[in-house]
Amino acid sequence: MQQIKAHLDQIADISNQDWDFFMSKLHRREIPKKSVFLKVNEIENHISFIESGVVRLYIPKENPDKEITFGFSFKDQFISAYDSFLTRTPSVYQLQALTDTTILSITYDELQMVYKTTQIGNLIGRLTAERLFLIKSKREQNLLNLTAEERYVNLFKERPELLKVIPLKYISSYIGVTSQALSRIRKRL
């Protein structure tokens with residue numbers, strides 16, 4: 001729990017009373033490697049903070065080779081199917097732990113209580129929304145402005161550890177190419 005406190009302390013000054021109330025609402029969840037912990041058509045009921053592990057956001061397809069990976073989240077980041085969380089409607093994508101993952105979660109109802117009682121809830125909501133917007137915006141700009149090779153190179157400049165923990169089929173989907181095209185890109189580099 002200290003990890004999330006240290007992370008948020010960098011951003012805002014939060015009273016001990018607010019911290020104590022907020023921390024009392026967090027629930028630690030251990031998610032085994034390869035587990036899907038939010039499925040299509042389920043309503044997202046959590047905003048979570050990743051203590052350890054890697055999470056993939058993706059749109060499943062009948063043929064697993066056609067799945068569309070559109071995001072990854074890592075240690076010290078918030079994760080949620082935030083559109084589903086906010087609108088209380090079923091998610092159109094899934095969340096999957098790519099490694100053994102530990103998250104601290106707060107439910108929608110508990111967060112509403114935190115909103116009413118403290119200032120920290122608004123901060124968490126804002127930070128989550130901002131992060132998800134930036135990921136979406138950056139991905140869209142990269143898909144529109146960069147070649148597949150540039151997207152691949154940029155991904156590993158930003159997150160060199162990806163190659164060790166994320167299967168290449170997810171990386172190829174994320175940068176918008178087939179596995180074969182990614183193989184050719186890797187050979188050129």
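A few comments on the model shown:
- Full extension of the segment from Asp100 to Lys116, taken as 0.36 nm per residue of separation minus the current Cα-Cα distance, would add 2.4 nm.
- Heavy atoms of the protein chains alone define the surface here; on that basis the range 107-185 has 58 Å² accessible area per residue at 1.4 Å probe size.
- Restricting the range 29-60 to trypsin sites (Lys or Arg not before Pro) that sit in a DSSP loop and have at most 15 other Cβ atoms within 10 Å of their own Cβ leaves Lys33, Lys34, Lys39.
- The chain - percent of accessible surface contributed by carbon and sulfur, probe 1.4 Å: 52 percent
- Value of D in µm² per second that Stokes-Einstein yields for the range 87-189, Kirkwood Rh from Cα pairs, at 25 °C (0.890 mPa s): 148 µm²/s
- Pairwise centroid distance, computed over Cα atoms, of the range 144-189 with the range 93-124, Å: 30 Å
- Which of Leu163, Leu134 is most accessible, then next, and so on - probe 1.4 Å: Leu134, Leu163
- Label-to-label distance, Leu134 versus Asp109, with points set 7 angstrom from Cα along the beta-carbon direction: 3.3 nm.
- Gyration tensor over the Cα atoms of the chain: the corresponding equivalent ellipsoid has semi-axes (square roots of 5 times the eigenvalues, largest first) of 32, 17, 15 Å.
- For the range 53-133: rounded, prolate or oblate by the Cα gyration tensor [a/c cutoff 1.5]: prolate
- Entry note, the chain: relative contact order of 25 percent, from Cα contacts under 8 Å with a spacing of 6+ residues.
- At 1.002 mPa s and 20 °C, Stokes diffusion of the range 1-101 via Kirkwood alpha-carbon radius, µm² per second: 146 µm²/s
- Degrees separating the helix 148-158 axis from the principal Cα axis of the chain, which is the longest one: 40 degrees
- Efficiency of FRET between Asp9 and Lys187 - r from beta-carbon atoms, R0 41 angstrom, step 0.05: 0.35
- Long-range amide H partners of Val54 with built H, under 5 Å: Leu98, Thr99
- Relative protection proxy for 66-73, 16-23, from highest mean packing down: 66-73, 16-23 (other beta-carbon atoms within 10 angstrom).
- According to the Kirkwood relation over distinct C-alpha pairs, the hydrodynamic radius of the range 24-69 is 12.8 Å.
The values are calculated or read from the model by the stated rules, or taken from the named source; none is laboratory data. Given the structure is predicted, the values throughout are model-derived calculations rather than measurements. FYI the Cβ positions are ideal-geometry reconstructions off the backbone, even for glycines, and counts take in every protein chain you see. Keep in mind that these areas ignore ligands, DNA and RNA; they rest on the heavy atoms of the full protein, side chains included. Shrake-Rupley method; radii C 1.70, N 1.55, O 1.52, S 1.80 Å.
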